[in-house]
Amino acid sequence: QVQLVEFGGGLVQPGGSLRLSCAASGLIFSRYNMGWYRQAPGKQRELVASITFDNNTNYIDSVKGRFTISRDNANNMVYLQMNSLKPEDTADYYCKAVWQYAAYWGQGTQVTVSS
């Protein structure tokens, strides 16, 4: 049974940092392309950052230079380091694993950026 569990969200002031983690189990993690998505209230879910099985990364423009996605295949983990956070980064953040026709989601972790 595949499980993705996100943690590390919370309340942070503008300009602050958070590191999100996603722990994967029940899959051959090194095969999977991984992504971090977010969904703000009243908005569609969007892909924030992705990392392929061979460590190619991609980011949406609004987070380039502030967020960094990385993975640790030895421990089945994917991370999202978020710096210089802005109120518009407030959302539920989700981890997703994709390989061929298989796709799995985590349950999400909430990030609130507010003073």
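What follows draws every value from the coordinates through simple rules; no lab data is involved. These numbers were taken from a predicted model, which means no experiment stands behind them. Cβ atoms come from the backbone with ideal geometry, glycine included; neighbour counts cover every protein chain shown.
Its Cα gyration tensor gives the chain an equivalent ellipsoid, and the semi-axes of that ellipsoid, as √(5λ) in whole Å with the largest first, are 23, 14, 13.
Computed extension gain for residue 54 through residue 39, at 0.36 nm per residue and net of the alpha carbon distance, reaches 2.7 nm. A simple rule links phi to the HN-Hα coupling: the Karplus curve 6.51 cos²θ - 1.76 cosθ + 1.60 with θ = phi - 60°, which for the range 46-59 gives 10, 7, 8, 7, 9, 9, 7, 4, 9, 6, 7, 10, 8, 9 Hz, with x for Gly and Pro. Exposed loop sites here mean trypsin sites (Lys or Arg not before Pro) with a DSSP loop assignment and at most 16 other beta-carbon atoms within 10 Å; the chain contains its longest site-free run at 67-115. Note on residue 64: lysines with a C-alpha under 19 Å away, same-chain residues under 8 apart excluded, are 86. The residues neighbouring residue 30, those whose beta-carbon lies less than 15 Å from its own, together hold a net charge of 0 under the Lys/Arg +1, Asp/Glu -1 convention. Straight-distance candidates among the lysines for linking to residue 43, with alpha-carbon spacing under 16 Å and chain neighbours fewer than 8 residues away dropped, are absent.
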